[in-house]
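Below: the structure, in structure tokens.
The values are calculated or read from the model by the stated rules, or taken from the named source; none is laboratory data. None of the values given here were measured: they were computed from a predicted structure. Here the Cβ positions follow ideal geometry from the backbone for every residue, glycine too, while neighbour counts run over all protein chains shown. Only protein heavy atoms, including side chains, enter the accessible area calculation; ligands, DNA and RNA are left aside. Shrake-Rupley method; radii C 1.70, N 1.55, O 1.52, S 1.80 Å.
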Amino acid sequence: MNNMMFGKYLPIDSFIHRLDPRLKIGSLLLLLIAVFFDAGFIGYALLGTFVIIMTLLSHIKVSQVLKAVKPMLFMMAFLMIFNLLFIQQGNLLFSIGFIKIYDQAVLQTVYIFIRLILIIIMTTILTATTKPLDLTLGIEHLLSPFKKIGFPTHEVAMMISIALRFIPTLLEETQRIMKAQASRGVEFSEGSLKEKILSIVSLIIPLFISAFQRAEDLANAMESRNYNPEAKRTRYKQLVWKLSDTISFLCVIAICIAMVIMSFVL
């Protein structure tokens, strides 16, 4: 539990764990939309408070959430630097040679940082509190209306749940390959640009080979069990919508409405 990674389920008995997976998936989609409304710092403070409450109710430690955020720091830093350098709107704060930093660029960069942090934490809460099988069942239930037009709901739900299931596995595999390559003298953080590119290639190629091998093993295992996605099947576990789910969903709707209103007012 202390080595939590993004996409890994944590078997804890908490209020969030007991909620219906359909509620958690639908709420995540609504909150992800609400994140991109420009509600100002007040709106993001409100949404951040709600996310903190969800984290506390899920009994997930802050240190575990930070470990899920850590792998995304490089991407976040790249996006922030890109915005600071290429957004030229507002008042000029300072310039160093050809580098010019504007106040709107700083503001947009802060917004992007907050949005990414909220997105990662909310997605982590979903995957950490929902079993992969429940995710599959919830996604399939939410997509069930599209069956009438021939949409392969079960296949899509299965693919999404398998992808989420293999995220922590691939992250662990990446760390294992990096340690193995480092023991052979490969430096990922030092050297010239050419050497860094070669070191990244030495990481990506074995990672892709491992991923394809795992996919083939999974396909063979499913085929050996006579798995047929088009076959009609019964459900051992039935999803039951409870009063706590309704109250939680109303809270999510209220937060989203508040974000929309503040985006127009502020």
(message) If the requirement is being out of contact with any Phe, Trp or Tyr (no Cβ under 6 Å at 6 or more places or on another chain) and within 27 Å of residue 248 (Cβ to Cβ), which of these qualifies: 87, 52, 81, 114?
(response) 52
(request) Please find, among 86, 50, 41, 36, the residue that is modelled with pLDDT under 75, out of contact with any Ser or Thr (no Cβ under 9 Å at 6 or more places or on another chain) and not small (Gly, Ala, Ser). (result) 86
(message) Restricting to region 164-182, name every residue that is closer than 15 Å to residue 124 by Cβ and out of contact with any Pro (no Cβ under 7 Å at 6 or more places or on another chain).
(response) 167, 168
(request) Report, by residue number, each residue of region 1-16 that is open to solvent by less than 30 Å² (accessible area, probe 1.4 Å) and at pLDDT 90 or above. (result) 14, 16
(request) Could you list, in sequence order, all residues of region 203-241 that are modelled with pLDDT of 75 or more and hydroxyl-bearing (Ser, Thr, Tyr)? (result) 210, 224, 227
(request) Scan region 53-83 for residues that are modelled with pLDDT under 75 and over 13 Å from residue 116 (Cβ atoms) and report the count. (result) 0
(request) Would you please list the contacts, defined by Cβ atoms under 9 Å and residues six or more apart or on different chains, that run from a residue in region 242-260 that is more than 16 Å from residue 57 (Cβ to Cβ) to a residue that is assigned to a helix (DSSP H, G or I) and aromatic (Phe, Trp, Tyr)? (result) 259/44
(message) Residue pairs, Cβ under 6 Å, 6 or more apart or interchain, first in region 40-68 and touching a residue at least 24 places away in the same chain (Cβ under 8 Å), second in a loop (DSSP other than H, G, I, E, B) and crowded, with 17+ Cβ neighbours inside 10 Å. List them.
(response) 64/4; 67/4; 68/6
